[in-house]
Amino acid sequence: MDSIIVRGGTPLHGQIRIAGAKNAALTLMPATLLTEEPLTLTNVPRLSDIRTMSQLLQSLGTEVASMQGGQVITLSSYNLASTTADYEIVRKMRASNLVLGPLLAREGYATVSLPGGCAIGARPMDIHITGLEALGAEIELRDGYLHAKTKGGLKGAVVELRFASVGATENIVMAATLAKGTTVLKNAAREPEIVDLVKCLRAMGAEIEGEGTSTITIEGVDRLHGATHQVVTDRIELGTYMIAPVIAGGEVELIGGRIDLLQSFCEKLDEAGVSITETPAGLKVARKNGRIRAVNVKTEVFPGFPTDLQAQMMALMCTAAGESHLEETIFENRFMHAPELMRMGAQIDVHGGVATVKGVERLRGAPVMATDLRASVSLILAGLAAEGETRVARVYHLDRGYEHVEEKLSAVGASIERMKGE
């Protein structure tokens, strides 16, 4: 397996272009199942998860054409060959479950394997199931598969989620676009990726209001048509690269960056002593002066602090002046990067869902192992600040969510290279 070697101590200067959002693209791609006409997505990130979703859609009969090095994808689902999402593909990626709602809406039945993804704790499907059942679906779990069907098609209803689940919101919104009547989704997730999905669905002819709020109203239509849509900026990649010049030193401009995508995160960085300046092309980020100050963080659903930036923030707090407390409220088992950071000299104490970090003057390079997607990049960030060489193993996790990370960091002065595994 590949590993990445980072030699720390070099300040970063220059520009990094932020890719399209992985989590948005993985939601937009299944929307092709709602129409017989082509759906073209631009600004698509070039990631292994995108390839996995393409394989899943192709297994259902979707034609996938890639252009401009993979940054433009056209999906045509005019002739579906299957309504079964097989375990061998679904197990690789959590977002595979997003074919369930569109298949039910269009075909009236679907068989979808329970999904996989990073081992960061339970992410149950029950919220998806109860929401789709409220629209008239009959869903049964047998042999690791969800067997779903409808009698006479889906019907609009009032659906209230017990938790503002992003995936469930996306599945239900897509399904409701072709349901008969009006669906009112309460306690809906508010993430920018959902706003982006609704923007795309509206371009396809859907009638939806309220995206970005906790109540989304969908008026079902008879059919959707094709469209061309640009994938929104990846706010998690943005936040990750905002931390890079802060932990390593220097100043970097992030092309395509927007504060509104990461308001709570930017507020925490400002509290810690980070300068964030809007530019015509994006955001410029640097330390204000001296050592970063410790701040406390609690992950929450949007617009709160993103759980997908908790590991990166922990890496930063390892070098901050003072003691910080990071509370994880979204996923259990998401502090697996803490022992690896401790191998680099970090002082971290984990009790349940709270990690206490006492900042040290300097981390030390060490061999470490990535345990999941966000943990892997947190170790690379720590390596940028460490004395000596850090070797991050099992970086196949990284390739699921970050496009050409070593190239982007090398371009701004980092000493980083990928070592190919046997």
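The values are calculated or read from the model by the stated rules, or taken from the named source; none is laboratory data. Everything quoted here is computed from the prediction, not taken from an experiment. For neighbour counting, all protein chains shown are included, and Cβ atoms are generated from backbone atoms with ideal geometry for every residue, glycine included.
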Check your understanding: In this structure, does residue 319 turn out to be polar (S, T, N, Q), at pLDDT below 95 and out of contact with any Pro (no Cβ under 9 Å at 6 or more places or on another chain)?
Key -> no
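Would you call residue 403 free of Cβ contacts under 8 Å to residues at least 12 places away in the same chain and under 26 Å from the mean Cα position of the chain (by Cα)?
Working: free of Cβ contacts under 8 Å to residues at least 12 places away in the same chain: no; under 26 Å from the mean Cα position of the chain (by Cα): yes.
In short, no.
Rundown of residues vs (1) outside the structural domain of residue 414 (by TED's automatic domain parsing); (2) under 20 Å from residue 372 (Cβ atoms); (3) without any contact (Cβ under 8 Å) to a residue 12 or more places away in the chain, yes/no style:
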site: 26; (1), (2), (3): yes, yes, no
site: 39; (1), (2), (3): yes, no, no
site: 48; (1), (2), (3): yes, yes, no
site: 75; (1), (2), (3): yes, no, no
site: 80; (1), (2), (3): yes, no, no
site: 88; (1), (2), (3): yes, no, yes
Exercise for review: Considering each of 132, 201 in turn, give the residue that is part of a helix (DSSP H, G or I), closer than 24 Å to residue 40 by Cβ and out of contact with any His (no Cβ under 8 Å at 6 or more places or on another chain).
Suggested key: 201
Practice item. Please state which of the following conditions residue 68 fails to meet, knowing it meets all the rest: (1) more than 21 Å from residue 171 (Cβ to Cβ); (2) in contact with a strand residue (DSSP E or B) (Cβ under 7 Å, 6 or more places away or on another chain); (3) modelled with pLDDT under 95. Key: (2)
**Study point:** Residue match in the stretch 143-162 (condition: touching a Gly at 6+ places or on another chain (Cβ under 7 Å) and under 27 Å from residue 330 (Cβ atoms))
**Key:** yes
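Based on this model, can you work out whether residue 215 counts as within 30 Å of residue 310 (Cβ to Cβ) and free of Cβ contacts under 8 Å to residues at least 60 places away in the same chain? If you could, list the steps in order and put the result at the bottom.
Numbers: within 30 Å of residue 310 (Cβ to Cβ): yes; free of Cβ contacts under 8 Å to residues at least 60 places away in the same chain: yes.
Judged against the criteria, residue 215 is a match.
Step by step: first the residues of the stretch 71-93, then only those that are of a type in the set (A, V, I, L, M) and modelled with pLDDT of 90 or more, then the one that is farthest from residue 150 (Cα to Cα). Which residue is that? So that I can check it myself, show each step before the final result.
Narrowing the stretch 71-93 to residues of a type in the set (A, V, I, L, M): 72-73, 75, 80-81, 85, 89-90, 93.
Filter again for modelled with pLDDT of 90 or more, leaving 72-73, 75, 80-81, 85.
Values: 72: 34, 73: 31, 75: 26, 80: 18, 81: 19, 85: 17 Å.
Out of the qualifying residues, it is 72.
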Review point. Out of the stretch 222-260, which residues are surrounded by fewer than 19 Cβ atoms within 10 Å (Cβ to Cβ), outside any helix (DSSP H, G or I) and of a type in the set (Asp, Glu)?
Key: 222, 251
Exercise for review: Could you list all residues from the stretch 365-400 that are over 21 Å from the mean Cα position of the chain (by Cα), within 17 Å of residue 2 (Cα to Cα) and of a type in the set (Gly, Ala, Ser)?
Suggested key: 366, 383, 393
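Does residue 164 meet the test of being assigned to a loop (DSSP other than H, G, I, E, B) and out of contact with any His (no Cβ under 8 Å at 6 or more places or on another chain)? I'd like the intermediate steps shown before the answer.
Details: assigned to a loop (DSSP other than H, G, I, E, B): yes; out of contact with any His (no Cβ under 8 Å at 6 or more places or on another chain): yes.
It is true that residue 164 is assigned to a loop (DSSP other than H, G, I, E, B) and out of contact with any His (no Cβ under 8 Å at 6 or more places or on another chain).
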Check your understanding: Do we have any residue at all in the stretch 153-172 that's in contact with a helix residue (DSSP H, G or I) (Cβ under 7 Å, 6 or more places away or on another chain) and aromatic (Phe, Trp, Tyr)?
Key -> yes
